[in-house]
Amino acid sequence: MKSPCESEGIFFASDALHLKEIFDPFFLKILNISRKVQSNFTPIFALSMEGKTLLTNTALNYTLDRLAFEVYEQHIDFSNLAFISIQPRGLPLGKRIVEKLSILVPDQKILHGALDVTFYRDDFRRREEVLVPSATELDFSVEGKEIILIDDVLFTGRTVRSAMDALLDFGRPKHVELLVLIDRRFSRELPVQPDYTGSMVDVVKAERVKVEWTDDNTNNRVILFSSDQ
């Protein structure tokens, strides 16, 4: 018989009682389950409301360093290279990557812009809420340039597709690459793959990955939480 709360993904004390014919009796003694606990229906385990931390501030900083070095290895000469962050969540990541690269190549100018894709999305007419676009900031031409698109989380691939459509309205780049902090590789709906990946995460579609940034970079982190949290 299914647990009354199985659909919620929570394991209750009463569930353990249903399993006493399967598990070793010592297991039940360790859990110390009593009839009183069962009547109160007290949960033994539940996910934290804040979610699970995938990357701590230290781990995230190391990941940013590695991404910057990978870009540097592929593009030693930055004269024809430009970074374009996909608004809004790709912008904080893009700024930090550019800052780290500026330390590696202090004598080279690094172009960085921001691209809004709100009205290029294939679902924007299907949404009930009013869409508020972010600013597109491109003070350079993309014609003939090598472009690195930047976003925080690669999920279905639809945001990247819309970014490609938006980018081509500004010119014809020579080459386009994709840099992401988190790749949800089993959630793709379009044939989009990153060239630079911070970390790959295998999660179910109902779970969400969020990147949190602080102004002083002392508490940046990546967390995983369920969609109903």
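The values are calculated or read from the model by the stated rules, or taken from the named source; none is laboratory data. Bear in mind the structure is a predicted one, so any value in this text is a computation, not a measurement. Note: ideal-geometry Cβ built from the backbone for every residue, glycine included; neighbour counts use all protein chains shown.
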- Determine, yes or no, whether Val142 is assigned by TED's automatic domain parsing to the domain that holds Phe78, loosely packed, with under 15 Cβ neighbours inside 10 Å and not aromatic (Phe, Trp, Tyr). no
Those residues of region 86-134 which are of a type in the set (Gly, Ala, Ser) and surrounded by fewer than 17 Cβ atoms within 10 Å (Cβ to Cβ) amount to Ser102, Ser134
Considering region 184-200, residues that are touching a Phe, Trp or Tyr at 6+ places or on another chain (Cβ under 9 Å) and buried (at least 17 other Cβ atoms within 10 Å of the Cβ), and then whichever is nearest to Asn80 (Cα to Cα), we arrive at Arg184
